[in-house]
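*Asks:* Here it is, the structure in full.
The values are calculated or read from the model by the stated rules, or taken from the named source; none is laboratory data. Computed from a predicted model, the values in this text were never measured in an experiment. Neighbour counts run over all protein chains shown; Cβ positions are idealised from the backbone, glycine included.
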């Protein structure tokens, strides 16, 4: 099912880019953007983990630098029956974490600098168990491809905006047709919205599933439940400088948001996640 979702997302990216190319350069633009989409799909599938790591500014973390962290991840991976994932650190004081990779054999777990400083051992183990659960449940490919796609679409929208400012586009060949200008403006507005919708296409149910699986791997739901409450409070006071396209990868939304923005949140409410964990036996 997750592989099917990944292919559907890549198909959606292809269609969207072809439409943008058609608006920008007609049939030749559509063909060019189709080739770009094929290249993005190829690299998105095979190098999705590297793309996510680069977009978040994460760096490799050696075992001698964090032996306790490695021990917890190795133990949880053995319980989950998956290979030991690569370990990275994300330079941010905000406590948070994410997992990435196209399958358990090509997976990575990244933790922020603040994770080990704010949470106690059982809470850190609960967070790591949640990320290992994402890898075990094989839903990291879909979320990582979505991050790459959202980032690419946002970049294209920015390029269209600059092109409009400097007079690029189809106006000249169409005799200054105002409909072409309106179409370009709509693309500039709708492309970032499409990127957000792609992130929302990553079902919130996967977070509930990873919470439940992670609680079982850790042996108790209490560490993860307590960690989620601390992470939510920290995210409100310690904003993370991260590409918004990758926000859905993290265990909690790393970006502070107002009440309106929460309507489009890629994460289910922390209170609901904690309630479900507390009901587990």
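*Asks:* Consider residue 58 against the criteria (1) closer than 12 Å to residue 108 by Cβ; (2) out of contact with any helix residue (DSSP H, G or I) (no Cβ under 9 Å at 6 or more places or on another chain): it satisfies all of them except one. Which criterion is unmet?
*Replies:* (2)
*Asks:* Does residue 92 satisfy the condition of being within 27 Å of residue 216 (Cβ to Cβ) and surrounded by 15 or more Cβ atoms within 10 Å (Cβ to Cβ)? Steps first, please.
*Replies:* Details: within 27 Å of residue 216 (Cβ to Cβ): no; surrounded by 15 or more Cβ atoms within 10 Å (Cβ to Cβ): yes.
It is false that residue 92 is within 27 Å of residue 216 (Cβ to Cβ) and surrounded by 15 or more Cβ atoms within 10 Å (Cβ to Cβ).
*Asks:* Which residues, taken from region 227-236, are at pLDDT below 90 and either closer than 16 Å to residue 113 by Cα or in contact with a strand residue (DSSP E or B) (Cβ under 9 Å, 6 or more places away or on another chain) (or both)?
*Replies:* Quick first cut of region 227-236, residues at pLDDT below 90 only: 236.
Scanning region 227-236 gives no hits.
*Asks:* Here is a follow-up. Name the one entry in 69, 128 that is in a helix (DSSP H, G or I), surrounded by 24 or more Cβ atoms within 10 Å (Cβ to Cβ) and modelled with pLDDT of 95 or more.
*Replies:* Values: 69 fails: surrounded by 24 or more Cβ atoms within 10 Å (Cβ to Cβ).
Answer to the selection: 128.
Each row is one residue, and each column tells you yes or no for (1) under 29 Å from residue 115 (Cβ atoms); (2) assigned to a helix (DSSP H, G or I).
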residue: 14; (1), (2): no, yes
residue: 22; (1), (2): no, yes
residue: 41; (1), (2): no, yes
residue: 53; (1), (2): yes, yes
residue: 74; (1), (2): yes, yes
residue: 83; (1), (2): yes, no
residue: 98; (1), (2): yes, no
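*Asks:* Return yes or no: is residue 147 buried (at least 24 other Cβ atoms within 10 Å of the Cβ) and at pLDDT below 70?
*Replies:* Judged against the criteria, residue 147 is a match.
*Asks:* Now for a separate question. If a residue must be without any contact (Cβ under 8 Å) to a residue 40 or more places away in the chain and either surrounded by fewer than 20 Cβ atoms within 10 Å (Cβ to Cβ) or under 17 Å from the mean Cα position of the chain (by Cα) (or both), how many such residues does region 95-119 contain?
*Replies:* So the answer is 6.
*Asks:* Same structure, new question: Would you confirm whether or not region 26-46 contains a residue that is at positive phi and either in the same structural domain as residue 214 (by TED's automatic domain parsing) or surrounded by fewer than 16 Cβ atoms within 10 Å (Cβ to Cβ) (or both)?
*Replies:* Yes.
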